[in-house]
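I have placed the structure first, in the form of structure tokens, so that the comments after it can refer back to it.
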Amino acid sequence: MSPAERDGTGGLDRAAAILGAFDAGHRELTLAGLVERSGLPRSTVHRTADKMIRLGWLDKPRDRYRVGNRLFEISSLAPIRHELRESVLPFLQDLHHATHATVQLGVLDGAKILVVERISGHRPMPMLEQAGGVVPAYCSGLGRAILAYSDPATVQKVLAAGLPARTPRTLTNPVAVLRELTAVPDQGWAVDREEGVIGVSCVAAPVFGPLGEVVAAMSVTGPSKLVRADRIGPAVRLAAAAASRAYAKSR
């Protein structure tokens, strides 16, 4: 038996690889799909997935695997879900009612934004990430609203991770991205002008913690002709400020 097998890290690594095979575009996978996306041998995937089903980490109602309810229960205990989400959710709901558009809450996770909560508007927007999904920080309103108040090392880490074009409108020059970030504090919100999806724009504002540190951002996203910064920006800024006060009091 290898050292990894004796201390259990090998099994954890295999479980992590299997869980990492799932994303917003692959919510259910066959055994062959798990093998392909995890990069593990078929026998290893089959054996490890069976253990994960017994633990409630995976579910297999028919011939496809999916993330199990036990992981959902555990994830709800994480501070980001329990404290931040619970504090900000009422203000997300108010913003959704005021704009009738999709609103989102996101936090910085490396060079990406993890979408913690999403409330959809009346217009279906399947191209947007669901809660639990990720979007690039450099070209999203959520990311820019956070990076504008982050330390230089964090910003440089995001820029160094690469700035590939997602649409013809994506800013891929670090200087241009930094220029966008420097404008955020003065206007109170960040903007994504069809940089992630053509025809879709986003306006976002930062959420701060009790020490004045940026902890998240909330946004309004929708068709560009409706989501205009001059109209939506003040509402997002006010909602984020109220959410910041509520979150600070909960700490």
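The values are calculated or read from the model by the stated rules, or taken from the named source; none is laboratory data. Since the model is a prediction, treat every value here as computed from it, not as a measurement. Methodologically, a virtual Cβ is constructed for each residue, glycine included, from the backbone with ideal geometry; neighbour enumeration extends over all protein chains shown.
Observations on the structure shown:
- Matching residues in region 88-115 - criterion: being among the small types (Gly, Ala, Ser), outside any helix (DSSP H, G or I) and under 23 Å from Ser224 (Cα atoms): Ala101, Gly106
- Any hit, region 52-67, residues being on the phi < 0 side of the Ramachandran plot, charged (D, E, K, R), surrounded by 15 or more Cβ atoms within 10 Å (Cβ to Cβ) and at pLDDT below 90: no
- Subset of region 52-69 [touching a Phe, Trp or Tyr at 6+ places or on another chain (Cβ under 8 Å) and either of a type in the set (Phe, Trp, Tyr) or in contact (Cβ under 8 Å) with a residue 24 or more places away in the chain (or both)]: Leu58, Arg66, Val67
- Among the candidates Val134, Val103, residue that is surrounded by 13 or more Cβ atoms within 10 Å (Cβ to Cβ), at pLDDT below 90, within 17 Å of the chain's Cα centre (by Cα) and in the same structural domain as Ser244 (by TED's automatic domain parsing): Val134
- Flag if Val158 is in contact with a Lys or Arg (Cβ under 9 Å, 6 or more places away or on another chain) and crowded, with 19+ Cβ neighbours inside 10 Å: yes
- Strands (runs of 3 or more DSSP E) lying entirely in region 134-240 (those with 1 or more residues that are under 25 Å from Ser120 (Cβ atoms) and among the charged types (D, E, K, R)): 190-193
- Filtered residue count, region 18-51, keeping only those that are β-branched (Val, Ile, Thr), in contact with a Ser or Thr (Cβ under 8 Å, 6 or more places away or on another chain) and free of Cβ contacts under 8 Å to residues at least 40 places away in the same chain: 1
- If the condition is being in contact with a strand residue (DSSP E or B) (Cβ under 8 Å, 6 or more places away or on another chain), surrounded by fewer than 22 Cβ atoms within 10 Å (Cβ to Cβ) and modelled with pLDDT under 95, then region 205-240 contributes Gly209, Pro223, Ser224, Arg228, Ala229.
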